[in-house]
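Data first, discussion second: the structure below is written as structure tokens.
Just so it is clear, none of the values below were taken in a lab; they were calculated from the coordinates. This one's a predicted model, so the numbers in the text were calculated from it and none came from an experiment. Neighbour counts are summed over all protein chains in view; Cβ atoms, including those assigned to glycine, are modelled from backbone coordinates with ideal geometry.
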Amino acid sequence: MAKNHLIGAIATLVGTVIGAGILGIPYVVAKSGLLIGIIHIILIGLAVILMNLYVGEIALRTKGLHQLVGYAEKYTGKWGKRVMAISIFFGIYGALIAYLIGEGQSLNALFGINQALAMFLFFIFMAYLIWRGLNIIEGAEIYLSAILGFLILALFFIAMFKIDMQNLVTLNFSNVLLPYGVVFFALLGMAAIPELKEELIKEKKKLKKAIIIGMLIPIAVYILFSIAIVGTTGLQTTEIATIGLGNLLGNHILILGNLFAIFSMATSFLTLGLALKWTYQYDYKYNKHIAWVLTCFLPLGVALSKFTGFIQIIGISGSIAGGLGGLAIIFMHRNAQKMGDRKPEYSLKPRFILDALLFVIFTGGIIYTILTL
């Protein structure tokens with residue numbers, strides 16, 4: 001039974017991390033070169049593992065159930081609460097905008113519908129579900145994760161047999177920093193750590209193992225997926241990777257790939273949209289009508305304005321949301337080791353050099369993103 005709890009916790013983290021963000025990684029990897037892209041995935045992956053381990057220790061040091069904003073307020077005060085809240089809001093809004101744009105592109109590629117019209121039709125359906133508070137995927141997450149996993153594996157194995165080795169050796173140092181934000185976005189899953197603590201309520205000592213394994217799996221998947229897609233489509237890799245793959249390999253791959261894209265972005269949009277609406281409604285005390293308008297129509301306005309594209313918005317979201325959240329967590333972890341309510345099942349010894357390195361990475365990513373907007 002304990003083993004099943006560990007597997008369930010790992011599955012929760014993997015399912016949270018691996019989502020629609022995977023669709024953008026091959027594009028930035030193709031633009032920078034496979035080697036540069038893999039270095040980004042590994043280094044950012046290690047930074048995120050450490051960040052998640054910090055969150056895990058913070059959760060274990062704290063009695064009761066809290067979310068990230070609650071931990072931030074407890075251990076860093078109002079300024080930390082504000083930074084974490086900005087990080088979460090920025091990340092969710094960025095994702096919603098990106099998924100609207102991505103759905104428009106994928107539906108256009110699959111059905112030939114005008115991109116703006118496709119985006120609007122998708123929006124109407126999702127806005128209705130969010131308005132009603134209908135989480136039609138609730139209770140089916142494990143089955144949906146299995147379906148998405150099968151589609152990823154199918155695309156991977158099909159693409160592996162079409163790889164052109166020349167596509168894997170290209171390097172473009174002028175785009176050496178391009179993958180940072182997109183990869184960061186695709187690896188974010190720190191909000192799931194408090195849930196893992198509850199899943200392992202009687203096996204808290206296994207939380208560290210669940211976090212490490214639950215992050216190593218997405219890192220490996222992203223590397224293999226990038227090799228397969230970039231090796232096949234090369235510089236023809238599109239912002240939504242499955243569109244370019246389908247254009248190159250034929251209609252059956254176009255259908256399979258875009259069904260995966262549509263499915264993954266739709267489930268992510270619904271989950272995040274409902275979470276944001278309920279945050280406005282229950283945490284900030286807005287009435288349900290205002291909460292719904294703020295949740296749905298702000299992303300639609302940005303998406304329809306064509307101010308930004310799929311890759312740009314997830315890159316910005318990953319850099320800023322992930323960076324701000326990471327900076328807050330560094331200070332939260334330090335303070336939790338002094339102010340915690342209980343002895344944790346694991347503890348990471350504070351290392352100034354390591355925290356300073358994380359600080360430079362997160363701050364540098366935010367500054368780079370702002371300067372290159």
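If you line up the long axis of helix 352-371 against the longest principal axis of the chain, both from Cα atoms, how many degrees apart are they, to the nearest 10? Between the helix axis and the principal axis of the chain, the angle is about 40 degrees.
Summarising the label geometry, the points placed 7 Å from Cα in the beta-carbon direction at residue 124 and residue 289 lie 2.2 nm from one another.
Checking every one of the trypsin sites (Lys or Arg not before Pro) in the stretch 328-364 against DSSP loop status and a limit of 11 other Cβ atoms within 10 Å picks out 342, 351. In the chain, excluding the sites themselves, the longest stretch lacking any of the chymotrypsin sites (Phe, Trp or Tyr not before Pro) that are in a DSSP loop with at most 14 other Cβ atoms within 10 Å is 1-160. The stretch 72-170: which GluC sites (Glu not before Pro) are DSSP loop and have at most 14 other beta-carbon atoms within 10 angstrom? When the GluC sites (Glu not before Pro) of the stretch 72-170 are filtered for loop state and at most 14 Cβ neighbours within 10 Å, 138 remain.
222 nm [θ] for the chain, helices only, -39500 (n - 2.57) per DSSP H run of 4+, per residue, to 500?
On the way: 14 runs with 281 residues, N = 373.
Estimated from H runs of four or more residues: -26000 deg cm²/dmol.
Of the residues 325, 64, 21, which exhibits the maximal mean-square fluctuation in a Gaussian network model of the chain defined by a 10 Å Cα contact cut-off? Checking each option, the largest mean-square fluctuation is seen for 64.
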